Amino acid sequence: MRHYIQPFALATLVPVALLALGGVMGGAWIWAAVLYMSVFALGMDQILKVANRDGAPGVEFPAADALSATLALAHLALMPLGAAAVAGLTGLSGAERAAAFFGFGLFFGQVSNSNAHELIHRGSRVLFSLGKWVYTSMLYGHHTTAHRLLHHVHVGTPLDPNFPRKGESFYRNFARGWTGSFLQGFRVERDRIARRGKPAWTNPYVTYVGGALGLLALAWITLGPTAVLAWLGLSFYAQTQLAMVDYLQHYGLERRRLPDGSYEPQTIYHSWNTPHWFSSHMMVNAPRHSDHHANPGRPYPALRLPQEMPVLPRSLPAMGVVALWPRLWFRLMDKRVDQVLAQARAAGSDQPATGPGAASVAGSTP
């Protein structure tokens, strides 16, 4: 099934090469990396209107895991290189350092985040750990817990700290979601280890926080304080992009509360999707979000696009730009939210997206 993987490899590995060369040599390489992650990606989504085809159900994709592992290892190498380049330690000019910030930051935010998300849903301990460490390197390790144990369980409800309510700006959602997911995730993990009778130091938050501090300390020792500041800036930029994707993919699609106090089942109507060919490959099919919530353990090449799925009017990167302007975003999206929720009510929410066992797949640590 290599033919399924080749477009993903091309879209994701080209910027790795450009950033590696640009971080050291600057010049045309670093500007090419920035243009690839921004103008080129947006342009290709406009030119290639057709969606990438659905993967064959039930087929194994060993090459997909190999690509994900390669991207994770590349990220762990690019993170210190990016910090060094932005800090001016590789001889880049001021303009090239600014380009490095946006080039590396866009890659971490769009490719590394999407790939780490894929890895923390894999059944392999090695792949899961790679995803966890990618998030930890961006000082966002707690997302490993919050995404699986909070978001997948409570998506579309106030119980998900990241849920973007209709009429809520990205900026307000980001501030609320970051602290809420960190604290609620910690409580979930604390309760889990207490039920299992394990010692407190086995809480994965020890790794999330301790690992992040350890990486920053190592950067300070080997690269100096300016590189640590660059690392912090790149991490924050990557975090905002991850939060933006969550915002775009669930904005306003709230599940109805039932008379017994529970919420209606998750369905395809509770996630926004985009079918654009290039950004889908660059983000390892993260834009196929309805099917991901229906099947959290399904490998990214096999994710599908249900015909009834809610679709954003533009690609994820383009909609991210729109969401930076709340009034424009509300004007564009609020009517669409109402239409999708009306469709969900008409459908009777009789096709839950999280079938038997899916919640455990989303929430279990390999």
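Here, each number is a calculation from the coordinates, and none is a lab measurement. For clarity, every value in this text was computed on a predicted model and none was experimentally measured. Methodologically, a virtual Cβ is constructed for each residue, glycine included, from the backbone with ideal geometry; neighbour enumeration extends over all protein chains shown.
Read phi for every residue in region 317-329 and hand back ³J(HN,Hα) as whole Hz from Karplus 6.51 cos²θ - 1.76 cosθ + 1.60, θ = phi - 60°, with x for Gly and Pro.
Per-residue couplings from phi come out as x, 5, 5, x, 5, 4, 5, 5, 10, x, 4, 5, 4 Hz.
Quick one: Debye curve from the alpha-carbon atoms of the chain only, equal weights, vacuum; give me log10 I(q)/I(0) at q = 0.11, 0.13 Å⁻¹ to two decimals.
-0.74, -1.05
Compute the orientation-averaged projected area for region 106-154 from the convex hull of its Cα atoms and round it to one decimal in nm². The partial results should precede the final answer.
Values: hull surface 12.9 nm².
So the Cα hull casts an average projection of 3.2 nm².
Which residue, Thr144, Thr222, Thr267, has the most motion in a Gaussian network model of the chain that connects Cα atoms within less than 10 Å?
Taking springs between Cα atoms under 10 Å, the residue moving most is Thr222.
Give me Rg over Rh for region 198-305, both radii from the alpha carbons and Rh done the Kirkwood way, two decimal places. Could you put the intermediate results ahead of the total?
Details: Rg = 19.3 Å, Rh = 17.4 Å.
Reported Rg/Rh, Kirkwood definition of Rh: 1.11.
Amide H to amide H, which residues 5 or more places from Tyr263 or on other chains are under 5 Å from it, using H placed in the peptide plane?
Distant-sequence amide H within range of Tyr263: Leu258.
To test your reading of the geometry: what angle, between 0 and 90 degrees and rounded to tens, separates the Cα axis of helix 205-223 from the longest principal axis of the chain?
Here the helix axis deviates by roughly 20 degrees.
Roughly what would the spin-label model give for Ala175 and Ser38, points 7 Å off Cα along C-beta, in nm?
2.6
Between Leu242, Leu258, Leu316, find the one with the highest GNM mean-square fluctuation for the chain; connect C-alpha pairs within less than 10 Å.
Most flexible of the set in this elastic network: Leu258.
Considering the chain as a Gaussian network with a 10 Å cut-off on Cα pairs, which listed residue, Gly233, Gly82, Gly43, attains the greatest mean-square fluctuation?
Gly43
For helix 2-25, report the angle its Cα long axis makes with the longest principal axis of the Cα atoms of the chain; keep it between 0 and 90° and round to the nearest 10°.
40
On a 0 to 90° scale, report how tilted helix 62-86 is relative to the longest principal axis of the chain, with both axes built from alpha carbons and the result rounded to the nearest 10.
It works out to around 50 degrees.
Taking amide H positions as placed in the peptide plane 1.01 Å from N, state which residues far from Asn273 in sequence (5 or more) or on other chains have amide H under 5 Å from it.
Val311, Leu312
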